[in-house]
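Okay, structure first, notes after.
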Amino acid sequence: MQMFSGQGRIKYIPLLILFTLAILQSCRKNPKEMTNAELATEIGKKKSYEKLLEISKQVGINTNKFAVSGDTVPVFALLEEIGFGYKPNIRYTQKKIQADTALIRDAAERLYAGEPVDKVLEKLEPVFPVYTNLKIHYARLLKENKKDSARYVADALNAYRWIHRQSKNSPRFVLVNIRGAYLTAMDSAGQNVLSMRTVVGKLDTPTPTIDTYATSIVTHPYWNVPKSIAIKEIFPKAASDPEYLSRNRIEIIDIKGEAIDPTELEWGDLTAEKFPYRFRQETGEDNSLGLLKVEIKNPLAIYLHDTNARYLFASNQRWRSHGCVRVQKPTELANYMAGIKLLDSDFMTEPDTVSTPPKWHKLEVRIPVFLLYLGADCNEKGDLLYFPDVYKREAALKV
């Protein structure tokens, strides 16, 4: 007797398919048990890697360096750049932070599991609103074939990916765009909390690009005159005008840190280059640093500070300093960096007719500070803005 008729065999086909799929699924490796190299190889066999490369181009990444070469599929390197960028052109970096390898690994496992690439990248890329807006503008510029403009936006996208890396676990961070002469303070999600104008370095004394963190807020700071300014500006004036130092409340400090009487010096026997002392301006509103300074970790003697020339913030030509960054809203910035109300709102309007000793307020948490040279950025409304090459760096590159 025949066990199954033709009709009977047909009934068992769905069960056979399910059984076959179950066997295939059981043969498939568990991604959590695979090495990075194994995961990369398997992802490279899928169309998802081609899709990953395609999406990477749409956010300004040069995908040529991530092409498959032989058996090497640079999945993890590509995922790291998508989420955390590469180091921009920065003169001084305090420390390069390691990318979040757990997040990158999770993205690779989800790609292997067949999740949509765009959904995978949502958890990897920066969530900053400015980053999202820049992506929209970049896609538009590519569609309009505006390659030169798109290049500026691609640089900005990478800068924010780098900030995503470097601000890891920080509650907030501060960005100064030197080309635009402005400052934005953001929370950990990249929400813009505080914006202000800045005055930054002149063409011949440019503000350097720096990736570092703030260490303290100093109220009523001394201005310890940098050697370059002392040689070029202060010494010649002090040597030719006996009242110059007292008029500008500048002291001469010896090697012991004590003030000496300038009338006791034989100025005719001294030279600016071999001057054995340093200049220090007394605290107060006449001080070049104003009433407040934000100290940031760096060997270049650069910091953020108030100014006694606050009228400069009304100008659109704000490349006027010797290199440090003058900020328009010093009290608000100090309070935001501290995470508490460190200073009252009327701090800047208090009478300051006498010299008040400096006071240091150490920050409990390291707040990342980025001084970057961005040619494009988005404002809070999402508008795309371009900024002039004030230091003529692009022209130098073309020579």
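The values are calculated or read from the model by the stated rules, or taken from the named source; none is laboratory data. Every value quoted in this text rests on a predicted model; they were computed, and no experiment measured them. Methodologically, a virtual Cβ is constructed for each residue, glycine included, from the backbone with ideal geometry; neighbour enumeration extends over all protein chains shown. Note: areas computed on protein heavy atoms with side chains; ligands, DNA, RNA excluded. Shrake-Rupley method; radii C 1.70, N 1.55, O 1.52, S 1.80 Å.
Here are some notes:
- For the stretch 59-177, pairs of C-alpha atoms spaced more than 25 angstrom apart make up 26 percent of the total.
- Restricting the stretch 296-399 to GluC sites (Glu not before Pro) in coil, as DSSP defines it, with at most 13 other Cβ within 10 Å: E380
- Virtual paramagnetic centre 7 Å along Cα→Cβ of E54, amide N under 18 Å, in the stretch 132-155: 139-140, 142-143
- Between K29 and A272, the simple label model (points 7 Å from Cα in the Cβ direction) yields a spacing of 6.8 nm.
- Kirkwood hydrodynamic radius of the stretch 359-399, from inverse mean 1/r over distinct Cα pairs, in Å: 13.8
- Part-to-part distance (alpha-carbon centres) for the stretch 118-132 and the stretch 164-224, which is given in Å: 23
- What the stretch 95-253 shows is 43 Å² of accessible area per residue, with the surface traced by a 1.4 Å probe over protein heavy atoms.
- The slack between A113 and L203, meaning 0.36 nm per residue of separation minus the straight C-alpha distance, is 27.1 nm.
- Hypothetical label at E394: residues of the stretch 76-119 whose amide nitrogen lies under 17 Å (7 Å Cα-Cβ projection): 89
- The mean of 1/r over all pairs of different alpha-carbon atoms in the stretch 293-371, once inverted, gives a Kirkwood hydrodynamic radius of 14.3 Å.
- Take the Cα radius of gyration of the chain and divide it by 2.2 N^0.38 Å, N being the number of residues; the result is 1.36.
- If a spin label sat at a point 7 angstrom from the Cα of A189 along the line to its beta carbon, the backbone N atoms of the stretch 121-143 nearer than 20 Å would be those of 121-136.
- Distant-in-sequence amide H partners of Q328 (H built 1.01 Å from N, under 5 Å): R197
- Available extension along the chain between Y86 and R320 is 81.2 nm, counting 0.36 nm per residue and deducting the alpha carbon span.
- Sequence ranges 220-226, 156-162, 265-271, ranked by mean other-Cβ count within 10 angstrom, highest first: 156-162, 220-226, 265-271
- Here T263 and W360 are evaluated by their C-beta separation; at R0 = 41 Å the FRET efficiency comes out at 0.80.
- Between K341 and R247, the modelled label-to-label distance comes to 4.3 nm, taking each label 7 Å out from Cα in the direction of the beta carbon.
- Calculated on C-alpha atoms, the gyration radius of the stretch 102-247 divided by its Kirkwood radius gives an Rg/Rh of 1.15.
- Kirkwood hydrodynamic radius of the stretch 181-255, Cα pairs, Å: 16.3
- Spin-label pair K147-T132: with each label point 7 Å from Cα along the Cα-Cβ axis, the two points sit 3.2 nm from one another.
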